[in-house]
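The values are calculated or read from the model by the stated rules, or taken from the named source; none is laboratory data. Predicted model only: the values in this text are computed from it and were never measured. All Cβ positions, even for glycine, are placed from backbone atoms using ideal geometry, and neighbour counts span all protein chains on display. Just the protein is used for accessible areas: all its heavy atoms, side chains included, with ligands, DNA and RNA removed. Shrake-Rupley method; radii C 1.70, N 1.55, O 1.52, S 1.80 Å.
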Amino acid sequence: MALASLSWCFGTALALVCGSLWPQVHSALAPENEVPLRPTTWLPEGKITSVTLPKGRTRRLYFTLKKKAPAMSVTVSPCDLAIEWSLTARSLKDKPIMKQQWSTKKSMPEVWWRGPGTEENLHIFTGDAVDTYSGPSLPHASIYILRLRSKQQSTRATVFLHEGLGSSGVFPVVPADRQVQTLGVGMTSVTLSWAPSASITSHPQADNSYYCVLVNSLQNYPSLCAAQQSARKKKDQKDDKVEKKRRGTVWPILKEWWWEQWDTYPEAEGLSTPLADADLQCACRGTESVCTVSELLPDTPYYFDVFVIDKVNRTSSVYKGTFARTHEEARTAITPLREGELRWVTFKNDGLSSEQLFSFRPRGLQQSGLFTLQSCGGGEKIKREGTTAGQAASNTGTTLQASVKIQISSAYHRRGVPSLPSTLQIKSFNRLRGCNSVTLAWMGTEERSLYCIYHRKLGDHEAEAAGASSLSAPCLGPESRSDTERVLCKYFQELNPRRAVTTAVIGGLEPGTAYVFDVYLMRRWGIPVKYASKMVKTRKEC
């Protein structure tokens, strides 16, 4: 009997304790719009407010506008999950009756809900992206209500209220084109670029904002908060053993009850989300809108996100991320060349030996052809040109870096190597230089060949910077030039190589203007030979 009484007392005490902790169940006889007592959560103006969103629970924030405020904007930034949020304006026909007797105690917003009035929907949004509502203030609105809800699981978001016209200036500015572009993909590196942010370009010396590039192999993040959450989850995985032990206690029951009751307790007003990017490993950090991410694994997918971070306001904005897969490890392969195909070959300038193999099968019975190789680095002239038989291969070591241009053809039937000019320099005569014309001379060959002259007008800045050297590109052929730049084409032949000099008078020029002249040796077979560019300035007065 004593044991039964003790059990009854213990059960009664446990019921009293659990009953005090469990949420109250309201009577079914309560009015339809009867709501439990909840402290009012006011949304401050000009402060970033962090809001916790329990799964399936609707959080409400209230605010009013100043009488002279012409407009407002509300910015909601979800963290790592999609949420639903809406903004409504509540208008009362009469002021709330404060002395009215209620069945339960009410907070001020609940008194407004029970009063006669109308509610107007201003904005509704669903998603995981940052969204902003901007609009004029409503003179008849008594209070504005912001509702936030997460259906998937518990998460959080930040809210910012701005009164007035224009931008608040709190969040970094992201250009209209938010897409991150992929400039190049290698075996262990990826180069990215994006449109600059006005928050950085408008104040280059302020050092208030910077870019942070993040890379991972899982997904693109919608916000910096989502990236931080992912980093924290990886860190928390190390504590799984401790978490499993805690699941065996009464803590899960109390934890579930706590999430259900969270909406009863207000957030601290103006609680700012700590923008701690120290735990984030930025692949690139600075003010440049170009980034090369290195030390990647070959043949691996990667996701790249770019954030612009405001250090003063402790806010961030995100670009639209991109995806790239690194190349496979290099494999030795022989690339076949087609008849007359013009191909650019690029070599890595890493100090190591670089090798590329090409094969070619000549047509016809002669089984021979013309193979031309031209270096495209530093304005050098042709390195090697000759005939080949059967199969041709290009095997280049550290002596040839940057890029070369190659071509092979079996249509060439002459024995020996085609003749080339003894020099690729263009000479201009100062005495023959006028206000509207210049005279040029260059070396030709003993073969009958076609020479074409192109010219381009230079601006004052290019002329002062000696534009001829910067515009010299030995591998850019006539096909890359505009027809309007072509001055003339002429045939020339001189059997004596020492006297193989030809000239041309270029007219129709503007006085006191600098021009860059290019001469191309056009051949029936092989790559056109480009002479070194020559800059000449016409006389200002004659």
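The number of residues in the stretch 139-152 that are open to solvent by less than 40 Å² (accessible area, probe 1.4 Å) and part of a loop (DSSP other than H, G, I, E, B) comes to 1. Taken across the stretch 117-126, residues that are at pLDDT 90 or above, outside any loop (DSSP other than H, G, I, E, B) and either over 24 Å from Leu65 (Cβ atoms) or touching a Gly at 6+ places or on another chain (Cβ under 7 Å) (or both) do occur, with at least one present. Residues in the stretch 471-501 that are in contact with a strand residue (DSSP E or B) (Cβ under 9 Å, 6 or more places away or on another chain) and among the hydroxyl-bearing types (Ser, Thr, Tyr): Ser472, Ser482, Tyr491.
Which of (1) outside any strand (DSSP E or B); (2) surrounded by 14 or more Cβ atoms within 10 Å (Cβ to Cβ) is the odd one out, the single condition Gly512 does not satisfy? Of the numbered conditions (1) outside any strand (DSSP E or B); (2) surrounded by 14 or more Cβ atoms within 10 Å (Cβ to Cβ), the odd one out for Gly512 is (2). For the stretch 505-518, the condition holds for at least one residue, the condition being that it is under 30 Å from Leu370 (Cα atoms) and either touching a helix residue (DSSP H, G or I) at 6+ places or on another chain (Cβ under 9 Å) or at pLDDT below 90 (or both).
Of all residues in the stretch 522-532, those satisfying the criterion of being at pLDDT 85 or above and surrounded by fewer than 22 Cβ atoms within 10 Å (Cβ to Cβ) are Met522, Pro528, Ala532.
Kindly evaluate Ser217 against the criterion of being surrounded by 10 or more Cβ atoms within 10 Å (Cβ to Cβ), modelled with pLDDT of 65 or more and under 18 Å from Ser316 (Cα atoms). In short, no.
The set of residues in the stretch 476-488 being of a type outside the set (A, V, I, L, M) and open to solvent by 60 Å² or more (accessible area, probe 1.4 Å) consists of Glu479, Ser480, Asp483, Thr484, Arg486. A residue that is crowded, with 19+ Cβ neighbours inside 10 Å, at pLDDT 65 or above and part of a loop (DSSP other than H, G, I, E, B) cannot be found anywhere in the stretch 366-387.
Considered as a group, the residues in the stretch 153-171 that are assigned to a loop (DSSP other than H, G, I, E, B) and in contact with a strand residue (DSSP E or B) (Cβ under 7 Å, 6 or more places away or on another chain) include one that is surrounded by the most Cβ atoms within 10 Å (Cβ to Cβ), and that residue is Phe171. Within the stretch 46-87, the set of residues being closer than 24 Å to Ser167 by Cα, touching a residue at least 40 places away in the same chain (Cβ under 8 Å) and assigned to a loop (DSSP other than H, G, I, E, B) comprises Gly46, Lys47, Thr64, Leu65, Lys66, Ala69, Pro70, Cys79. Can you name every residue in the stretch 51-83 that is aliphatic (A, V, I, L, M) and surrounded by 17 or more Cβ atoms within 10 Å (Cβ to Cβ)? Listed by number, the residues that qualify are Val51, Leu53, Leu61, Leu65, Met72, Val74, Val76, Leu81, Ile83.
Quick check: anything in the stretch 455-477 assigned to a loop (DSSP other than H, G, I, E, B), basic (Lys, Arg) and either modelled with pLDDT under 95 or more than 24 Å from Cys376 (Cα to Cα) (or both)? No, the stretch 455-477 has no match at all. How many residues, within the stretch 184-204, are open to solvent by 50 Å² or more (accessible area, probe 1.4 Å), part of a loop (DSSP other than H, G, I, E, B), farther than 30 Å from Thr346 by Cβ and among the polar types (S, T, N, Q)? So the answer is 1. Being open to solvent by 50 Å² or more (accessible area, probe 1.4 Å) and of a type in the set (D, E, K, R) holds for only one residue in Glu295, Glu341, and it is Glu295.
Note on the stretch 388-436: among residues that are part of a loop (DSSP other than H, G, I, E, B), within 43 Å of the chain's Cα centre (by Cα) and not small (Gly, Ala, Ser), the one that is modelled with the highest pLDDT is Gln401.
Results for (1) closer than 19 Å to Pro222 by Cβ; (2) touching a helix residue (DSSP H, G or I) at 6+ places or on another chain (Cβ under 6 Å); (3) part of a strand (DSSP E or B), shown as yes or no for each residue.
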| site | (1), (2), (3) |
| --- | --- |
| Pro298 | no, no, no |
| Phe304 | yes, no, yes |
| Ile309 | yes, no, yes |
| Ser316 | yes, yes, yes |
| Phe323 | yes, no, yes |
| Glu329 | no, no, no |
| Thr332 | no, no, no |
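If the condition is being in contact (Cβ under 8 Å) with a residue 24 or more places away in the chain and within 17 Å of Val519 (Cα to Cα), then the stretch 428-445 contributes Ser428, Ser437, Val438, Thr439, Leu440, Ala441, Trp442, Met443, Gly444, Thr445.
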